[in-house]
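Participant: Sharing a structure, written as structure tokens. Questions coming.
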Amino acid sequence: MVKEKMTEGTVEKDEKVEEAKKKAEEAKKKAEAKKKAEMEKRAAIPQKKPYTVKLEVMAPVELTYRVWAETPEQAVEQIRYGTPTAPPRPRLSRKRNIKATVYKYGTVMIEFVKKYT
């Protein structure tokens, strides 16, 4: 009688362990499916990419050069072909207007021209 109770208890425990394993496997599969769905959703969203934009403008800027020279004249000669040692600094207060041309939007017909002196 004691043996029967023990075996019945172990059978019940084994069944519970198997059920727990099945539940754990199902939960794992659900988590994997959810993760996969999330990854697919992220892939559908367009991702931002880095770009470099270079804009050419005409503006008064101050360039800084550092050179080794014996005289000021030599220093001026050396900066002709050198590159600046500091980033350019815009000087908008020194801006000089030369000419303004007015066009109608979307056309090439000149409406008005003003020359600054």
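Laboratory data are not the source of any read-out in this text; all were calculated from the coordinates shown. Computed from a prediction, not measured in an experiment: that's the story for all the values here. Don't worry about glycine lacking a Cβ; one is built from the backbone with ideal geometry, like all the others, and counts go over all protein chains shown.
Participant: Return yes when residue 94 is within 25 Å of residue 62 (Cα to Cα) and surrounded by 10 or more Cβ atoms within 10 Å (Cβ to Cβ) and no when it is not.
Facilitator: yes
Participant: Against the conditions (1) surrounded by 10 or more Cβ atoms within 10 Å (Cβ to Cβ); (2) in contact with a helix residue (DSSP H, G or I) (Cβ under 9 Å, 6 or more places away or on another chain), where does residue 68 fall short? Just the number, please.
Facilitator: Of everything listed in (1) surrounded by 10 or more Cβ atoms within 10 Å (Cβ to Cβ); (2) in contact with a helix residue (DSSP H, G or I) (Cβ under 9 Å, 6 or more places away or on another chain), residue 68 misses just condition (1).
Participant: Another question, then. So which residues in region 71-101 are basic (Lys, Arg), touching a residue at least 24 places away in the same chain (Cβ under 8 Å) and outside any loop (DSSP other than H, G, I, E, B), if there are any at all?
Facilitator: The answer is 89, 94.
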